[in-house]
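Enquirer: One structure is given below, represented as structure tokens, and several questions about it will come after.
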Amino acid sequence: MELALAVLGEESGSLLAQVWGFLGAWELLRLGRASAELWGRALEALPRRLPRPSPLPLLNLQERGAALRRLPVLEGAFLFENFSAWDPASLQVGAERAPAFGGASGSGGGGRWRLGPGTEQPPSLAREANGDPEALGHWCVRMANEDPLTDLGPSGLVFTLGWARPREVSYRCKAEAAKAFRAGAVLALAQGLGNDKGPERPAVLMSFVRDGNSREVLGARNSWTEPLGAWEDGQWLALALRLDWASKTLRLRLGGGEEKTLPFADEKCEAVRYLVLYNHTGDFVAFFTDLLIT
């Protein structure tokens, strides 16, 4: 409160500008809520706190207010990515790219995106407008494996988390499968990773599959998969998971459906080091945005 009073005493707001970079996100939010004047000054200064280009729209004061309220979660996350701040098409074999928010320590450094785990036939990657009114930004990544040699050999994007036990994972996903018996849109959080192999000891292993005319979201549990709900071609679906490391269980919600409980994909998983996004087969296109791991 003393800081809030001091800032209010500065007609130019210069003190807020000086301390802005030294305060944590929760402190900034509490400071802004101390008065309408401080809230307005915080909204004015918000763009300087965000990466450039900003992963969040900041076109008006209402959007800035929403971004400021999300800032503590984003700055404390292992990862937040909606592909607004970089173009996946520019990622070459051996290259790395920083995420929009987060890192191995959840402090904005450490973790990096790269192609993998298989790199001989990398997928086609592009950043596209997502057309999703529920998304936090305007962009997504489009991923397609165009070489048939990549079937059942994961080639996509890998993010290195370090050694983490995340509590929550959420993301938005869309898929397209023009032919039957195709699968992809895989999201895995795994303890290990091998070249041209599936994730090793995954806690989370989600995928979309088209089997004939049916389209199902599958969750891996030990040595088999469990149908968890349906998806539609070209329609965004929100997925949210809560991880309980003590019981090695997941609580999953698809869209606005009921919450379901299932065991870890591999109950021997003790922590996760990698986030992996890939398709199982060709003739399958996956889109991801609003990836949040906390």
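Enquirer: Just to confirm my filter: which helices (runs of 4 or more DSSP H) fall fully inside the range 21-76 and include at least 3 residues that are surrounded by fewer than 20 Cβ atoms within 10 Å (Cβ to Cβ), of a type outside the set (A, V, I, L, M, F, W, C) and at positive phi?
Expert: Where helices (runs of 4 or more DSSP H) fall fully within the range 21-76, none carries at least 3 residues being surrounded by fewer than 20 Cβ atoms within 10 Å (Cβ to Cβ), of a type outside the set (A, V, I, L, M, F, W, C) and at positive phi.
Enquirer: Every residue in the range 268-294 that is open to solvent by 20 Å² or more (accessible area, probe 1.4 Å) and within 20 Å of residue 222 (Cα to Cα), please.
Expert: 268, 270, 273, 274, 280
Enquirer: Which numbered condition trips up residue 168, out of (1) modelled with pLDDT of 95 or more; (2) buried (at least 22 other Cβ atoms within 10 Å of the Cβ)?
Expert: Tallying (1) modelled with pLDDT of 95 or more; (2) buried (at least 22 other Cβ atoms within 10 Å of the Cβ), residue 168 fails exactly one: (2).
Enquirer: While we're on this one: Quick one: would you say residue 198 is open to solvent by less than 40 Å² (accessible area, probe 1.4 Å), modelled with pLDDT under 95 and at positive phi?
Expert: In short, no.
Enquirer: Same structure, new question: Considering each of 158, 186, 169 in turn, give the residue that is among the β-branched types (Val, Ile, Thr) and under 15 Å from residue 284 (Cβ atoms). Lay out the reasoning, then the answer.
Expert: Details: 158 fails: under 15 Å from residue 284 (Cβ atoms); 169 fails: under 15 Å from residue 284 (Cβ atoms).
The unique qualifying residue is 186.
Enquirer: If I filter the range 135-147 for residues that are open to solvent by 30 Å² or more (accessible area, probe 1.4 Å), closer than 23 Å to residue 71 by Cβ and touching a helix residue (DSSP H, G or I) at 6+ places or on another chain (Cβ under 9 Å), do I get at least one hit?
Expert: Let us first name the residues in the range 135-147 that are open to solvent by 30 Å² or more (accessible area, probe 1.4 Å), namely 136, 138-139, 142, 146-147.
When the remaining residues are screened for being closer than 23 Å to residue 71 by Cβ, the result is 136, 138-139.
From the residues that got through so far, the ones that are touching a helix residue (DSSP H, G or I) at 6+ places or on another chain (Cβ under 9 Å) too are 136.
Yes, that holds for at least one residue.
Enquirer: Could you look through the range 201-252, keep only residues that are under 20 Å from the mean Cα position of the chain (by Cα) and free of Cβ contacts under 8 Å to residues at least 12 places away in the same chain, and pick out the one that is most open to solvent (accessible area, probe 1.4 Å)?
Expert: Looking at residues that are under 20 Å from the mean Cα position of the chain (by Cα) and free of Cβ contacts under 8 Å to residues at least 12 places away in the same chain, I get 251.
Enquirer: Take the range 253-266 and flag every residue that is in a strand (DSSP E or B), over 19 Å from the mean Cα position of the chain (by Cα) and either surrounded by fewer than 16 Cβ atoms within 10 Å (Cβ to Cβ) or hydrophobic (A, V, I, L, M, F, W, C) (or both).
Expert: Passing the criteria: 260, 261, 262.
Enquirer: With respect to residue 99, is the statement that it is in contact with a Lys or Arg (Cβ under 8 Å, 6 or more places away or on another chain), surrounded by 19 or more Cβ atoms within 10 Å (Cβ to Cβ) and at pLDDT below 90 true? Walk me through how you get there before you give the answer.
Expert: Working: in contact with a Lys or Arg (Cβ under 8 Å, 6 or more places away or on another chain): yes; surrounded by 19 or more Cβ atoms within 10 Å (Cβ to Cβ): yes; at pLDDT below 90: no.
The answer is no for residue 99.
Enquirer: Still on this structure, I have one more. In this structure, does residue 39 turn out to be touching a Pro at 6+ places or on another chain (Cβ under 8 Å), at pLDDT 85 or above and more than 26 Å from residue 126 (Cβ to Cβ)?
Expert: no
Enquirer: Restricting the search to the range 22-41, which residues are over 20 Å from residue 80 (Cβ atoms) and of a type in the set (A, V, I, L, M)?
Expert: 31, 34, 36, 38
The values are calculated or read from the model by the stated rules, or taken from the named source; none is laboratory data. Keep in mind that this is a model prediction, so the values were computed, not measured. Note that each Cβ is placed from the backbone with ideal geometry, even for glycine, and that neighbours are counted across all protein chains shown. With ligands, DNA and RNA removed, areas are computed over all heavy atoms of the protein, side chains included. Shrake-Rupley method; radii C 1.70, N 1.55, O 1.52, S 1.80 Å.
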